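Presented below is the structure to which this report refers.
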Amino acid sequence: MTVAVTIDQVGKTFGKGAPALADVSLDVKPSELVALLGPSGSGKTTLLRIVAGLEEPSHGRVLFDGHDALSVPVRRRGIGFVFQNYALFRHMTVAENVAFGLRSRPRAERPSEAEIRTRVADLLDLVQLGSFGGRFPAQLSGGQRQRVALARALAIEPKVLLLDEPFGALDALVRKELRKWLRELHDRTGHTTLFVTHDQEEALELADRVVVMGKGRIEQVGTPDDVYDKPATAAVFGFMGESSRIEVEVKGGLALAGATAIAAATQAVPDGPGLLYVRPHDVSLGLPGTPGLEGEVRGFRRHGAIRRVEVSVGGALFEADIAPTVRVPIGEKVAVRLDRARLFAGSTGVDCRPPPPMQPGDYAI
Ligand code: ADP
Ligand code: MG
């Protein structure tokens, strides 16, 4: 039982402030796993609560398989919900927690006790906690508790699964494990799933499609590749992984930092002020005199498997990733090449390549 979810121009304003959600529209396909990604306060939880029926929208529609869901009471909407700090019932065992949704159904809809036990056992197997049914929540790790919370959400055979930062309170290694585990679980069970996170790595790794939100609006919807490689707005680029942001002047398709052309747009862009975004792994450094811009090393630090170097070019500062075996003293002159960058000068971003070599007197302002 899996459904399509249509969110149609949904808005929500609390009190007199700016809207928490402004005309958000989104189509989620049956069995799709969609991540809602955005900074804190961008409206992710509000949107999820509206789909769940825990919050009324100020306007707009929510449809499940084309049928109005907003007029359906929460209990009958068929939602499985997991929150960041899902308080399991502390006085109930794991098995009782998972059975809770079924046992609290009206008698006519309640499965038999034997059926409930079988279903709970199956669900605990599914979340790999088969032998933990008799334990109490306090006897579990954080990751195990969230798996119980998920089993509890799945127990009612939901049409839609809503997960609001379910791994947010867990440490990084456990998060990574659960991410992979959830993806595999989803591939087996196929529930239409909305997954909220502010962690771009989590969204990219987990989701079929990523919805990037900012200030109550959808900035971009796309596959993980789309949103990472072709961010539509400067806000999305800044949010998707690490990047340097440089204020530039655009002239004839070239991005100028001071008097230096540092990147060339691959499509037409209007002249005027612009923002150039570049990721550290798209910046190459070479010996002085090799192709590239004249730059100077300003600093460096170890960053996981690589060394991250800060360089300045024409007054602009970039970060570049290099092999950790390479030594780059501060003050060293280097040739800097922005192999890829993205320029935001008009309404949407365009890709950039390295500019043609400069001639003396070029672009001087
Ligand atoms: P996110 O989950 O992306 O962090 P939220 O949906 O929780 O964002 O919040 C979006 C905006 O709505 C925030 O500015 C928040 O302060 C506001 N907001 C959320 N819930 C309420 C509420 N019950 N009353 C008033 N303002 C709220
Ligand atoms: Mg939230």
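Values as computed for the structure displayed
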{"quantity": "The lone exception for Ser42 - which of (1) within 13 Å of ligand 2 (Cβ to nearest atom); (2) within 23 Å of Ser104 (Cβ to Cβ) it fails", "calculated": "(2)"}
{"quantity": "Among (1) touching a strand residue (DSSP E or B) at 6+ places or on another chain (Cβ under 7 Å); (2) surrounded by 22 or more Cβ atoms within 10 Å (Cβ to Cβ), the one test that Val148 misses", "calculated": "(1)"}
{"quantity": "The stretch 283-298: number of residues that are open to solvent by less than 30 Å² (accessible area, probe 1.4 Å) and more than 17 Å from Leu254 (Cβ to Cβ)", "calculated": "4"}
{"quantity": "Residue tally, condition more than 16 Å from ligand 2 (Cβ to nearest atom) and more than 17 Å from Leu161 (Cβ to Cβ), over the stretch 186-209", "calculated": "3"}
{"quantity": "Any pair with Cβ under 7 angstrom, 6 or more apart, that starts in the stretch 32-49 at a residue that is under 12 Å from Pro19 (Cα atoms) and ends at one that is near ligand 1 (Cβ under 6 Å from one of its atoms) and open to solvent by 10 Å² or more (accessible area, probe 1.4 Å)", "calculated": "Gly43/Ala20; Thr46/Ala20"}
{"quantity": "Set Arg307, Arg301, Arg337: member being of a type in the set (Lys, Arg), part of a strand (DSSP E or B), open to solvent by 20 Å² or more (accessible area, probe 1.4 Å) and under 30 Å from Gln220 (Cβ atoms)", "calculated": "Arg337"}
{"quantity": "Failed criterion for Thr46 (all others in (1) of a type outside the set (A, V, I, L, M); (2) near ligand 1 (Cβ under 10 Å from one of its atoms); (3) at pLDDT below 95 hold)", "calculated": "(3)"}
{"quantity": "Matching entry among Thr233, Thr192, Thr260 (being more than 16 Å from ligand 1 (Cβ to nearest atom), touching a Pro at 6+ places or on another chain (Cβ under 6 Å) and not small (Gly, Ala, Ser))", "calculated": "Thr192"}
{"quantity": "Pairs, first small (Gly, Ala, Ser) in the stretch 163-187, second at pLDDT 90 or above and surrounded by 20 or more Cβ atoms within 10 Å (Cβ to Cβ), C-beta under 8 Å, six or more apart", "calculated": "Gly168/Thr197"}
{"quantity": "Residue tally, condition part of a helix (DSSP H, G or I), of a type in the set (Val, Ile, Thr) and either open to solvent by less than 70 Å² (accessible area, probe 1.4 Å) or in contact with a Pro (Cβ under 8 Å, 6 or more places away or on another chain) (or both), over the stretch 114-145", "calculated": "2"}
{"quantity": "Test: residue in the stretch 98-119 that is within 16 Å of ligand 2 (Cβ to nearest atom), closer than 21 Å to Pro166 by Cβ and either in contact with a Phe, Trp or Tyr (Cβ under 9 Å, 6 or more places away or on another chain) or of a type in the set (Gly, Ala, Ser) (or both)", "calculated": "no"}
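The values are calculated or read from the model by the stated rules, or taken from the named source; none is laboratory data. Treat the numbers as computed from the prediction; the structure is a model and nothing was measured. Cβ sites come from the backbone with ideal geometry, for glycine too, and all protein chains shown count toward neighbours. Areas reflect the complete protein model, heavy atoms only, side chains present, ligands, DNA and RNA absent. Shrake-Rupley method; radii C 1.70, N 1.55, O 1.52, S 1.80 Å.
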